[in-house]
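See below for the structure under consideration.
Where a number appears in this text, it was derived from the coordinates with a stated rule and is not lab data. As the structure is a prediction and not an experimental result, all values here were calculated from the model. Glycine gets a Cβ as well: all are built from the backbone with ideal geometry, and neighbour counts include every protein chain shown.
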Amino acid sequence: MATSFNNIGNVYQRKGDLENAHVQHQKALEIRTRVFGSDVAASKYNIASLKESQGDLEGARRLFLECEQIYAKVLGADDEETLDAAMRALTVGEEEEDEEGQEGDSDRGEEEDQADGSGER
């Protein structure tokens, strides 16, 4: 389908109708983005996770943000994938810090919360 829009765009372009050529090429791009966008974002997400585990936090953050932008365009700003990528970009490196510095502390906090009855942390 996208190829058809590109072909039509090329015909318009050869005839000198650049405005309609642009419209047709834009339609082709939008279709390709919808079809392949999620796959591209998923691959970037996996690479971002790998970079995070290797300690390249800035590289991971940049890729998670790219994922967020792609998912927002393809799936919408409120989609679960979009929101997850946004959250990962904001929290890059925090899981490792929590695991290293607070082993066993989380159980103590829950017991304290239950003892005072508030349930808030």
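Points to keep in mind about this one:
- Segment 2-99: relative contact order as a whole-number percent, Cα under 8 Å and 6+ apart: 20 percent
- Thr91-Gln69 FRET efficiency (beta carbon distance; Förster radius 22 Å; 0.05 resolution): 0.80
- In order along segment 87-94, the phi-based Karplus estimate (6.51 cos²θ - 1.76 cosθ + 1.60, θ = phi - 60°) of 3J(HN,Hα) comes to 5, 4, 5, 6, 10, 3, x, 6 Hz; Gly and Pro are listed as x.
- The modelled label-to-label distance for the pair Glu30/Ser4, using points 7 Å beyond Cα in the direction of Cβ, is 1.5 nm.
- Sequence-distant residues sharing a close amide H with Asp79 (under 5 Å, placed H): none
- Excluding same-chain neighbours fewer than eight residues apart, the lysines reachable from Lys15 by a Cα-Cα span under 23 Å are Lys27.
- Working from label points 7 Å from Cα in the Cα-to-Cβ sense, the Arg14 to Ala42 distance is 3.8 nm.
- Rg ratio for segment 2-99: its Cα radius of gyration over 2.2 N^0.38 Å, N being its residue count, equals 1.44.
- Loop-resident sites, segment 1-103, for GluC sites (Glu not before Pro), counting at most 14 other Cβ within 10 Å (DSSP): Glu103
- When only alpha carbons are used to place a centre, segment 1-27 and segment 43-67 end up 36 Å from one another.
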